[in-house]
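Reading through the structure tokens given below for one structure.
The values are calculated or read from the model by the stated rules, or taken from the named source; none is laboratory data. Source: prediction; values computed, not measured. Don't worry about glycine lacking a Cβ; one is built from the backbone with ideal geometry, like all the others, and counts go over all protein chains shown.
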């Protein structure tokens, strides 16, 4: 456990040079290598149980809801009738938990390549993993690429809840993956992907639907609401000018697309 020293877990990564994230560890609850990656769960002093894959924090019990509610509800509430949903990744179950809450969702297929992550989450992150017990769910343990090749024009919403673009999840950030997702969507379908940062694809910044507060309150959410939905599409000044003036320019840092 090279990431734990003197009672502290520290995450460093070449994707964000010059900075690190540390949490004080009370107890390591699980640590093994699966077929695909190093999987660890530890109990932290201030953030509850923490899931770590290949040395990178994926979620904590204290604040996971903000991520899960946003990546699930933005696409679901933009689509007029999201009956069929596909989740790629998301082995901790948090996104699934939020998707099955939506009253219009009739069926959810989740493709997670690493079954160990699912089992560990059920045991150590039960508040997140409870979606795995929903009757709406069909769980597919395997490669999401291969699944989508066999299921074309099948889903109203596809959500990719992947880890960082290294290791097992690297292929989920390539053009071929987005092309495949497009063919797996029904006409008028919506994609939503974990994108690492706040910058949005400028051409796709729009709000398609007004949300009613009583509809949101019935879903028992902690973070997401109609105002947060609208705020998620507010652009920083440089991006607003590009959109409004239809100017083309280049940005000298990585820009990840969020659909």
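Any chance segment 171-189 includes a residue that's modelled with pLDDT under 80, surrounded by fewer than 18 Cβ atoms within 10 Å (Cβ to Cβ) and part of a loop (DSSP other than H, G, I, E, B)? Scanning segment 171-189, I find at least one residue that is modelled with pLDDT under 80, surrounded by fewer than 18 Cβ atoms within 10 Å (Cβ to Cβ) and part of a loop (DSSP other than H, G, I, E, B), so the answer is yes. For residue 14, all conditions in the list (1) assigned to a strand (DSSP E or B); (2) surrounded by fewer than 19 Cβ atoms within 10 Å (Cβ to Cβ) hold save one; what is the number of the exception? Among (1) assigned to a strand (DSSP E or B); (2) surrounded by fewer than 19 Cβ atoms within 10 Å (Cβ to Cβ), the lone unmet condition for residue 14 is (1). Look at segment 143-157: where a residue is free of Cβ contacts under 8 Å to residues at least 60 places away in the same chain and a partner is part of a loop (DSSP other than H, G, I, E, B) and surrounded by 13 or more Cβ atoms within 10 Å (Cβ to Cβ), sitting 6+ places away or on another chain with Cβ atoms under 8 Å, you get 143/113; 144/113.
Restricting segment 151-169 to residues that are within 17 Å of the chain's Cα centre (by Cα) and in a loop (DSSP other than H, G, I, E, B), the residue that is modelled with the highest pLDDT is 162. When residue 147 is tested against (1) touching a strand residue (DSSP E or B) at 6+ places or on another chain (Cβ under 9 Å); (2) at pLDDT 95 or above; (3) surrounded by 17 or more Cβ atoms within 10 Å (Cβ to Cβ), just one condition goes unmet, and that condition is (2).
A single member of 63, 6 is surrounded by fewer than 17 Cβ atoms within 10 Å (Cβ to Cβ), on the phi > 0 side of the Ramachandran plot and out of contact with any helix residue (DSSP H, G or I) (no Cβ under 8 Å at 6 or more places or on another chain), and it is 6. Does segment 24-31 contain at least one residue that is in contact with a helix residue (DSSP H, G or I) (Cβ under 8 Å, 6 or more places away or on another chain), assigned to a helix (DSSP H, G or I) and touching a residue at least 60 places away in the same chain (Cβ under 8 Å)? No, segment 24-31 contains no residue that is in contact with a helix residue (DSSP H, G or I) (Cβ under 8 Å, 6 or more places away or on another chain), assigned to a helix (DSSP H, G or I) and touching a residue at least 60 places away in the same chain (Cβ under 8 Å). Within segment 80-99, the set of residues being more than 15 Å from the chain's Cα centre (by Cα) and either assigned to a strand (DSSP E or B) or under 12 Å from residue 68 (Cα atoms) (or both) comprises just one member, 84.
In the set (1) at positive phi; (2) surrounded by fewer than 17 Cβ atoms within 10 Å (Cβ to Cβ), residue 45 fails one condition alone, (1).
Out of (1) out of contact with any helix residue (DSSP H, G or I) (no Cβ under 6 Å at 6 or more places or on another chain); (2) within 20 Å of residue 225 (Cα to Cα); (3) without any contact (Cβ under 8 Å) to a residue 60 or more places away in the chain, what's the single condition that is false for residue 74? Here residue 74 clears every test but (3). Scanning segment 5-42 for residues being closer than 29 Å to residue 141 by Cβ and either in contact with a strand residue (DSSP E or B) (Cβ under 8 Å, 6 or more places away or on another chain) or modelled with pLDDT under 90 (or both) gives a total of 17.
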